[in-house]
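A.B. asks: One structure coming up, written as structure tokens, with questions to follow.
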Amino acid sequence: MKILLSGTASDSHTWNLVYLRLFLQEQGHQVVGLGPCAPAELLLAGCLRHAPDAVVLSSVNGHGYRDGLAAVRRLRAEPALAGLPVVLGGKLGVAGHRQEADVARLTEAGCDAVLGEDLDALREFLAARARKEVPA
């Protein structure tokens, strides 16, 4: 699968993106990286340009909920990207623990998965998507 990997708009961390890129490549995925601090418009442009099979957004700074919500809403407003799988992982808020109400709002806005820091869940999610792409 071709994965578009990006940090959220306010997240300047790069180590997590390097780690995720290596992890995804080890799983056999082609990775297109947008880098840190990618605003929703850059994410949209990257999706339209690269036509990925899925988007993986990462947040370390604790603003994943706010930034992720803006990003997924922008992607879902583009008809060509309505079915593009979007995964958000990392820290959603500064409280330090998962807020299920935030997860529900992200899912309602169009996020296909909100995974926190669970790489096994990311691997399983992408493997399930890859199986759906292969005709039986």
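The values are calculated or read from the model by the stated rules, or taken from the named source; none is laboratory data. If you're wondering where the values come from, they're calculated on a predicted model, not measured in any experiment. For neighbour counting, all protein chains shown are included, and Cβ atoms are generated from backbone atoms with ideal geometry for every residue, glycine included.
Yes/no per residue for (1) at pLDDT 90 or above; (2) in a strand (DSSP E or B); (3) in contact with a Gly (Cβ under 9 Å, 6 or more places away or on another chain):
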| position | (1), (2), (3) |
| --- | --- |
| 73 | yes, no, yes |
| 83 | yes, no, no |
| 87 | yes, yes, no |
| 93 | no, no, yes |
| 102 | no, no, yes |
| 106 | yes, no, yes |
| 123 | yes, no, no |
| 127 | yes, no, no |
| 131 | no, no, no |
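A.B. asks: Does at least one position in region 11-25 carry a residue that is surrounded by fewer than 16 Cβ atoms within 10 Å (Cβ to Cβ) and closer than 23 Å to residue 77 by Cα?
C.D. replies: No, there is no match, as no residue in region 11-25 is surrounded by fewer than 16 Cβ atoms within 10 Å (Cβ to Cβ) and closer than 23 Å to residue 77 by Cα.
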